[in-house]
Amino acid sequence: MLDRIKSILSDQTGAQSDSGTDSLQLAVAVLLVEAARMDSEFDADERDTVAQLLARRFELGDAAAQALLDEAETKAQDSVELYTFTRTVKDAFEHEDRVEFMQMLWEVAYADGELHHYESNLMRRVAGLVHVSDRESGEARKRALDHLGLSG
């Protein structure tokens, strides 16, 4: 019980996870994993997209991006809320970075070629929690679709 309380408190205030991963990187990774899992499937295309986005955003090698993805997947399975992760992103990123983060989320949501209504709902919730307007999120969505070669 005390370990669980310590874990919750360290998630909210610590700069690193138990494995030493940067809390911002982990928060971003968990939210990307959540976006991928919203339609009840986390397929290879979505995994690859998440790993590539993490590698690009945080300048990680393939192995480091995969390790971060694995840790995020475990964390996402154990978590019942998004607020801690979205607060970390909101507090650590400048506004432009948060808009770019929304584009990353949209790319993951569309990685399988379609948008599930649960994914769409998650995008609205996360955008509000990280203080990105609907208009900015919509523009990020369009950029994600263009990047993926899809039409919206």
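The values are calculated or read from the model by the stated rules, or taken from the named source; none is laboratory data. Source: prediction; values computed, not measured. Quick reminder, even Gly has a Cβ in these numbers, built from the backbone with ideal geometry, and neighbours come from all protein chains shown.
Brief remarks follow.
- Of all residues in the range 58-111, those satisfying the criterion of being small (Gly, Ala, Ser), in a helix (DSSP H, G or I) and without any contact (Cβ under 8 Å) to a residue 60 or more places away in the chain are Ala63, Ala64, Ala65, Ala67, Ala72, Ala76.
- Residues being over 22 Å from Tyr118 (Cβ atoms) and in contact (Cβ under 8 Å) with a residue 12 or more places away in the chain are entirely absent from the range 31-46.
- Criterion violated by Leu150 - all others in (1) over 17 Å from Phe93 (Cβ atoms); (2) assigned to a helix (DSSP H, G or I) satisfied: (2)
- Count of the range 8-57 residues, restricted to those that are modelled with pLDDT of 95 or more, touching a strand residue (DSSP E or B) at 6+ places or on another chain (Cβ under 9 Å) and either surrounded by fewer than 20 Cβ atoms within 10 Å (Cβ to Cβ) or not in a helix (DSSP H, G or I) (or both), is 0.
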